[in-house]
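**Q** One structure is given below, represented as structure tokens, and several questions about it will come after.
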Amino acid sequence: MRYPRLSLVREHNSLFLRGFMILFFSCITIRLNFCLSSIPSSLKTLPLEGHFIFDEVSHVARDFGNRYQYHPMAVLQPKSVSDIAVTIRHIWQMGPSSQLTVAARGHGHSLHGQSQAHGGVVINMESFKVPEMKVYTGNFPYVDVSGGELWINILHESLRYGLAPRSWTDYLHLTVGGTLSNAGISGQAFRHGPQISNVQQLEIVTGKGEVINCSKEQNGELFHSVLGGLGQFGIITRARISLEPAPAMVKWIRVLYADFTAFTRDQEQLISAENTFDYIEGFVIINRTGLLNNWRSSFNPQDPVQASQFKSDGKTLFCLEVAKYFNLEDINVVNQEVQNHLSHLSYIPSTLFLTEVTYVDFLDRVHVSEVKLRSKGLWDVPHPWLNLFIPQSKIHNFAEEVFGNILTETSNGPVLIYPVNKSKWDNRTSVVIPEEDIFYLVAFLTSAVPSSNGPDGLEHILNQNKRILDYCEKAHLGVKQYLPHYTTQEEWRAHFGPQWEVFLQRKSVYDPLAMLAPGQRIFQKAISFS
């Protein structure tokens, strides 16, 4: 008789335990749903000058890369720095149990969803234009701007005073906060360094919702952390940018090389000279015939007869692109300087093309291409770009393999290549660059044709990028990604190398819950910094 009773007891206990577990998990689900449903309500009660958007959020779930789409719970349209600080502080005070994250979105020009926050809050920095832009003239001129201001607007405003920033990106329709969170480089970087080397002060909202003013002298650790910091330590709400006297005109020149050694030797000679061009870049042209015809509409050949006879014969060619800034009263002196500089270079003589444009037209040149592409519906396509910093000592190995074997034809987009001087970069910032005194930017700025299965299709380009990265790793070239993208923290550790511990320490101080910039995929919210 005892055995049946024991069996009944066990069955009763089993039923009780099963019922308890169902009730327990039901309570958790109810509580979780309650917490999730209460989040928008708590955001709605915040005292803001701007406002939240909870319904129409799909526009911030896309970016220029056009490959990733992560919808946020809400979009903040801030009107003041207080709006940003109050929102972040509120989410900070919710503690690690809340899964809400925060991403600052400028012009949405990120490539891999870095400005997105799945289920979190995206701050639309373009709606944030406080303080109003103000230019200060004098011996050391500067401009104070909002972190959401576009560089093209800064150019136009500063030119009213005969001034302009010293360092640019090739595309000016980007926000200050966006480029300073990466580095901001173009053909002026060899002389003035990246944009992050030309900042005097910043106002930052940290991951705790603190508003902190910083510079090299004041709160220097935060200042250097944020510059090139990929948005991990705070949101840039104001920046003080150094200015210089602006020229009126630009003499813009392109020449071709068939020999890569001569091409890089001339580039390195130019960036090392005291008095040289004001802008130095270059790009690669692979297996394209009749390429000079693309230039004739805006560039004039120095020798039209020789230029008309030039044939690329399917060779890989390297274009040196340089510019000299000037004012009209100095045209004779500038012409002589340009001729002198060119006389020391080893380009193919028949491929010298030049033009003269205004300073604004030169700096905003990419926007002209954007307008054309938009009119053809070819702007909002996937952009699987790959940007690399390559040590000077390894650039020939890289070129031989990549331009000789991996890339067999010119891609649907430019391949930039130009050297910069490490001495113009501040090693206290968060950006990661090679160790050598000179390193090259090589940027594969490819656009994918939708629905294509050919060499201009997304899968082919992604596979090509992977082959390039795999080669760099196997050959131990010491390459670092610019605008880096990784999916695991182990890869991020390898990217930062010896700087990882400093990066980790800074994160633990300024964003200890890992709330900011989740789209970078470096940290997960509420991680342990051990």
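The values are calculated or read from the model by the stated rules, or taken from the named source; none is laboratory data. Predicted model only: the values in this text are computed from it and were never measured. All Cβ positions, glycine included, derive from the backbone under ideal geometry; neighbour counts span all protein chains shown. Areas reflect the complete protein model, heavy atoms only, side chains present, ligands, DNA and RNA absent. Shrake-Rupley method; radii C 1.70, N 1.55, O 1.52, S 1.80 Å.
**Q** Restricting to the range 318-368, give me the number of residues that are of a type outside the set (A, V, I, L, M, F, W, C), in a helix (DSSP H, G or I) and under 23 Å from SER272 (Cβ atoms).
**A** 6
**Q** From the list THR351, THR276, THR264, which one is β-branched (Val, Ile, Thr), touching a residue at least 12 places away in the same chain (Cβ under 8 Å), under 30 Å from ILE154 (Cβ atoms) and open to solvent by less than 80 Å² (accessible area, probe 1.4 Å)?
**A** Exactly one residue qualifies, and that residue is THR276.
**Q** Among the listed residues ALA248, ALA258, ALA239, which satisfies the condition of being open to solvent by 40 Å² or more (accessible area, probe 1.4 Å), aliphatic (A, V, I, L, M) and closer than 27 Å to LEU150 by Cβ?
**A** ALA248
**Q** For the list (1) closer than 21 Å to THR408 by Cα; (2) of a type outside the set (Lys, Arg); (3) in contact with a Pro (Cβ under 8 Å, 6 or more places away or on another chain); (4) open to solvent by 30 Å² or more (accessible area, probe 1.4 Å), I need the number of the one condition that VAL479 fails.
**A** Of the numbered conditions (1) closer than 21 Å to THR408 by Cα; (2) of a type outside the set (Lys, Arg); (3) in contact with a Pro (Cβ under 8 Å, 6 or more places away or on another chain); (4) open to solvent by 30 Å² or more (accessible area, probe 1.4 Å), the odd one out for VAL479 is (1).
**Q** Under 6 Å by Cβ, and 6 or more places apart or on different chains, what pairs join a residue from the range 498-510 that is touching a residue at least 12 places away in the same chain (Cβ under 8 Å) with one that is open to solvent by less than 20 Å² (accessible area, probe 1.4 Å)?
**A** Final answer for the pair search is PHE503/PHE496; ARG506/SER225; ARG506/PHE233; LYS507/GLN232; TYR510/THR206; TYR510/GLY207; TYR510/PHE233; TYR510/GLY234.
**Q** Further, regarding this structure: Could you check VAL449 against (1) touching a Pro at 6+ places or on another chain (Cβ under 7 Å); (2) under 29 Å from LYS376 (Cα atoms) and say which number it fails?
**A** Result: VAL449 passes all but (1).
**Q** Can you find even one residue in the range 372-383 that is open to solvent by 10 Å² or more (accessible area, probe 1.4 Å), hydroxyl-bearing (Ser, Thr, Tyr) and over 22 Å from the mean Cα position of the chain (by Cα)?
**A** Yes, the range 372-383 contains a residue that is open to solvent by 10 Å² or more (accessible area, probe 1.4 Å), hydroxyl-bearing (Ser, Thr, Tyr) and over 22 Å from the mean Cα position of the chain (by Cα).
**Q** Does ILE123 satisfy the condition of being within 20 Å of ILE84 (Cβ to Cβ) and of a type in the set (Val, Ile, Thr)?
**A** Judged against the criteria, ILE123 is a match.
**Q** Let me spell it out: the conditions are (1) touching a residue at least 40 places away in the same chain (Cβ under 8 Å); (2) more than 30 Å from PHE503 (Cα to Cα); (3) open to solvent by 70 Å² or more (accessible area, probe 1.4 Å); (4) over 22 Å from the mean Cα position of the chain (by Cα), and ASN405 meets all of them except one. Which number is the exception?
**A** Condition (1) is where ASN405 drops out.
**Q** Would you pick out the residues in the range 504-525 that are at pLDDT 95 or above and outside any helix (DSSP H, G or I)?
**A** ASP511, PRO512, LEU513, ALA514, MET515, LEU516, ALA517, ARG521, ILE522, PHE523
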